[in-house]
1. Select from the stretch B:47-101 the residues that are touching a Leu at 6+ places or on another chain (Cβ under 7 Å) and more than 19 Å from residue B:15 (Cα to Cα) and write down the one among them that is most open to solvent (accessible area, probe 1.4 Å).
2. Spot the failing condition for residue B:77; the list is (1) within 14 Å of chain A (Cβ to nearest Cβ); (2) more than 18 Å from residue B:36 (Cβ to Cβ), and only one is missed.
3. If you go through the stretch A:56-87 one residue at a time, how many are of a type outside the set (A, V, I, L, M), open to solvent by less than 10 Å² (accessible area, probe 1.4 Å) and under 13 Å from the mean Cα position of the chain (by Cα)?
4. Just to be sure I understand, how many residues within the stretch B:9-18 are surrounded by fewer than 23 Cβ atoms within 10 Å (Cβ to Cβ) and hydrophobic (A, V, I, L, M, F, W, C)?
5. Among the residues of the stretch B:23-39, is there at least one that is surrounded by 18 or more Cβ atoms within 10 Å (Cβ to Cβ), more than 13 Å from chain A (Cβ to nearest Cβ) and assigned to a strand (DSSP E or B)?
6. Quick check on residue B:61: is it part of a strand (DSSP E or B) and more than 14 Å from chain A (Cβ to nearest Cβ)?
7. Quick check, is residue B:44 among the β-branched types (Val, Ile, Thr) and more than 10 Å from ligand 1 (Cβ to nearest atom)?
Amino acid sequence: MTLHEIRKLLDAEVLIGEDQLDMEVKTAFVADLMSDVLAFATAGSLLITGLTNPQVVRTADVLDIAAIIMGRGKRPSQETFQLAEEVNIPILTTKYILFEIAGRLYAKGIRGCIEKVGSK
Amino acid sequence: MGGNFDNAGEVSSNIKTVLKQIGLPKDVIRKAALVAYESEINIVSYARKGMIRLRVVPESIMIEAIDEGQGIPDIEQAMQPGFSTANQKIREMGFGAGMGLCNIKSFSDVFHISSEVGKGTHLRMIIRASSAVLNS
Ligand SMILES: Nc1ncnc2c1ncn2[C@@H]1O[C@H](COP(=O)(O)OP(=O)(O)OP(=O)(O)O)[C@@H](O)[C@H]1O
Ligand SMILES: [Mg+2]
């Protein structure tokens, strides 16, 4: 799916990355714990989270995450926004809860970046 | 940088930029950035001050995280997945899962940790540059 399609599907607002909506993604990871993201998320995946602090962007940058989706209507803090602009990582925000985001994306063919821990 | 979360992660970003300029493979850079980042967050979370040292030779990347701070009383326990003494502030940032040191270990090819209570902690990680690059 492209970010463009994802925006539509999730009725999301694109806060950063309007110019990157053609980007194609196939996998995603949902977490509010950054160390779990660091342990399991793979490059090029979507990061779906309810956190909004700058560490979300740092974590995404370290892992070469494709884009961040903030659920439950969360919006990035000022510092988070600035940092994401700097490192050029798209941020989308949607009012859907994380479960709904994941379910809707899965129904459209997006898969977890791993299925189970310990499997790879 | 101890105690100050505002710029936490900046050192790791810089490391990533430098390694990109050198032209190392993506997955090697990713591992290096990851171990540096977890180390940096630990220094900011648990130490008074500290530094991250980066050394690159053709075969490998060495990253050291050296801090002055409380130290780790029981390293074996600290290395257990899930063990954490993180406070509320750290947890609000999305950390404190007790996964950091395990992550660092599993993404490094060589991992060494030493710590002295009341003095500080020293991590040394080596990440091998992939053989593909050596042969090219
Ligand atoms: N540099 C350090 N100085 C003092 N104590 C440390 C240091 N690094 C880690 N620790 C101790 O070891 C514990 C485990 O660290 P680890 O990085 O594995 O997990 P965490 O920081 O608690 O959570 P996470 O890294 O998953 O967000 C910490 O909670 C802390 O008590
Ligand atoms: Mg940690």
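1. Among those residues, the one meeting the criterion is B:79.
2. So the condition that residue B:77 fails would be (1).
3. Pass one, the stretch A:56-87, residues of a type outside the set (A, V, I, L, M): A:58-59, A:61, A:64, A:71-82, A:85-86.
Going one step further and asking which of them are open to solvent by less than 10 Å² (accessible area, probe 1.4 Å), we end up with A:59, A:71, A:80.
When the remaining residues are screened for being under 13 Å from the mean Cα position of the chain (by Cα), the result is A:59, A:71.
Final tally of qualifying residues: 2.
4. Residues in the stretch B:9-18 being surrounded by fewer than 23 Cβ atoms within 10 Å (Cβ to Cβ) and hydrophobic (A, V, I, L, M, F, W, C): 2 in total.
5. Checked the stretch B:23-39: no residue is surrounded by 18 or more Cβ atoms within 10 Å (Cβ to Cβ), more than 13 Å from chain A (Cβ to nearest Cβ) and assigned to a strand (DSSP E or B).
6. Details: part of a strand (DSSP E or B): yes; more than 14 Å from chain A (Cβ to nearest Cβ): yes.
It is true that residue B:61 is part of a strand (DSSP E or B) and more than 14 Å from chain A (Cβ to nearest Cβ).
7. Values: among the β-branched types (Val, Ile, Thr): yes; more than 10 Å from ligand 1 (Cβ to nearest atom): no.
So residue B:44 fails the test.
Okay, residues lined up against (1) part of a loop (DSSP other than H, G, I, E, B); (2) within 14 Å of chain A (Cβ to nearest Cβ):
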| site | (1), (2) |
| --- | --- |
| B:90 | no, yes |
| B:95 | yes, yes |
| B:101 | no, yes |
| B:106 | no, yes |
| B:118 | yes, no |
| B:121 | no, no |
| B:127 | no, yes |
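The values are calculated or read from the model by the stated rules, or taken from the named source; none is laboratory data. The structure presented is a predicted model; accordingly, all values stated were derived computationally and were not measured. FYI the Cβ positions are ideal-geometry reconstructions off the backbone, even for glycines, and counts take in every protein chain you see. Calculation scope for accessible area: heavy atoms of the full protein, side chains included, ligands and nucleic acids excluded. Shrake-Rupley method; radii C 1.70, N 1.55, O 1.52, S 1.80 Å.
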